[in-house]
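Beneath this line is the structure, given in structure tokens, with notes to follow.
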Amino acid sequence: MKKITDDIYWIGTKDTETKLFENMFELPFGVMYHAFFIDDEKTAVIDCVKNITEDGFISAVQERLNGRDLDYIVLNHMEPDHSLAVTRLVELYPDARILCSAKAVPMLKNFYGIEENVQAVKEGETLSLGKNTLTWVMVPMVHWPESMMTYAVEQKVLFSTDAFGGFGIFNSIFADEVTSEHRESETVRYFANIVGKVSSIIDKTLGRVLGMNLPIEVICPSHGLIWRKEGVGKIVNEYIDLSQHRTKPKITIAYSTMYGNNEQSANILFEELKKNQVDVKMYNLSETEKSFVIADIWQSEVVLLGAPAYYGGVHPKMRELLMKLEEGALMNHTVGVFGNGAWSGGGVRGIETFLKENKVDMLEKSVEIMGRPTEEDRAALIELAKDAAAALNH
Ligand SMILES: Cc1cc2nc3c(=O)[nH]c(=O)nc-3n(C[C@H](O)[C@H](O)[C@H](O)COP(=O)(O)O)c2cc1C
Ligand SMILES: [Fe+2]
Ligand SMILES: [Fe+2]
């Protein structure tokens, strides 16, 4: 069992069984649910885990308690990935007092029928466990209305709920020991897909929390990694960049295709950009699950979206992506459009309408092709690639 600081232990779990997070997003590297135990005169568990992994969590609690009773269960967030195992804890320790935000109280009843021994805490309120004092910061909509953070005053540890989290299980739970090249991309993928919709609230909330000037030596989010020392500033800056939609000088091409014509267009764009040393990524939406695409789009200054026409509108695979992009991934971006049709088109029109409705900056000329790209179409695509490259670093 990992020690985080004096008196604070990691009792979280690693989930390699769940294939899709929120039953939508692939988890090639798994996901962790972090929970913590504070070993003091009074004992406390901070956060629970998803029930699929609860056996490990429960035995860790039992091991730490070593026959003692559990005094407090702090629930920072009621989303079931962090609360499901509370039912087992309550069965084992019926006298433990559950501390949560006022908005979590009805959720505890609605999800689990738990009403006894529940106490709503307020921002700034303190609780002494003995050597350690806990206090709370309310962070509504980071990620749900009832979300709150817990701060362990003496050890300077912030239990930050979903903020600063990420997907993935790596060689260590501590960011400063992780060597995986996927660490950062799994943080971006989590941010863009799971909390991207509330990015502006996260931005404001982080400003407010950081403005409190709490000394923070360790950040313990409920997913991803635990950040110590210089890592604290690193993850805070990464999250600020993400929540403020700061892009990188790169281009993501996302396209769908049924018979390969639109794919030919995408390839022409890709090759032209590569030839000009542009940092470019390309995704076929039927081959890559959209959370990976959204993550790259989130950080790309310029995006090229391409779809075949489908009954006067946009091919469904691209429509699916657009639905997710509506959550804010295109804020601060420039988007170019291409498409393919057989009669009067519709893919380009549909994407353009979406972009206008969402007030996204567009490249001036879209390219719509009927059937296989001709030499003339190829020239138009090369122009589009040039416009896209020129829109970088603006
Ligand atoms: C169900 C269906 C609906 C379609 N609707 C349209 C349409 O409204 N307008 C159009 O120009 N082409 C339409 N098409 C034709 C395709 O857009 C066209 O074949 C295009 O070249 C497909 O691109 P792809 O080869 O990249 O799949 C439709 C095709 C299918 C299968
Ligand atoms: Fe959540
Ligand atoms: Fe979560």
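Only a single criterion out of (1) within 24 Å of Ile194 (Cβ to Cβ); (2) crowded, with 22+ Cβ neighbours inside 10 Å is not satisfied by Val360, namely (2).
Only residues that are within 14 Å of Arg189 (Cα to Cα), in a helix (DSSP H, G or I) and of a type in the set (D, E, K, R) were counted across the range 273-299, and they come to 2. Report whether or not Thr179 is buried (at least 21 other Cβ atoms within 10 Å of the Cβ) and assigned by TED's automatic domain parsing to the domain that holds Asp47. The answer is no for Thr179. Applying the criterion of at least 2 residues that are within 15 Å of ligand 2 (Cβ to nearest atom) and of a type in the set (Gly, Ala, Ser) to the strands (runs of 3 or more DSSP E) found wholly in the range 4-43 leaves an empty list. Checked against (1) buried (at least 16 other Cβ atoms within 10 Å of the Cβ); (2) at positive phi, Asn393 meets all criteria but (1).
Among residues of the range 157-186 being of a type in the set (Ser, Thr, Tyr) and within 27 Å of Leu134 (Cα to Cα), the one that is farthest from ligand 3 (Cβ to nearest atom) is Ser172. Could you give me the residue pairs with C-beta distances under 7 Å whose first residue belongs to the range 366-384 and is in contact (Cβ under 8 Å) with a residue 24 or more places away in the chain, whose second residue is more than 16 Å from ligand 1 (Cβ to nearest atom) and charged (D, E, K, R) wherever it lies, and which are 6+ apart or on separate chains? Listed pairs, sorted by first residue: Ile382/Glu272; Leu384/Lys365.
Taken as a whole, the structure places Asn171 among residues that are more than 17 Å from the chain's Cα centre (by Cα) and either in the same structural domain as Phe29 (by TED's automatic domain parsing) or under 19 Å from Gln299 (Cβ atoms) (or both).
The values are calculated or read from the model by the stated rules, or taken from the named source; none is laboratory data. Not measured: the values here are computed from a predicted model. Note: ideal-geometry Cβ built from the backbone for every residue, glycine included; neighbour counts use all protein chains shown.
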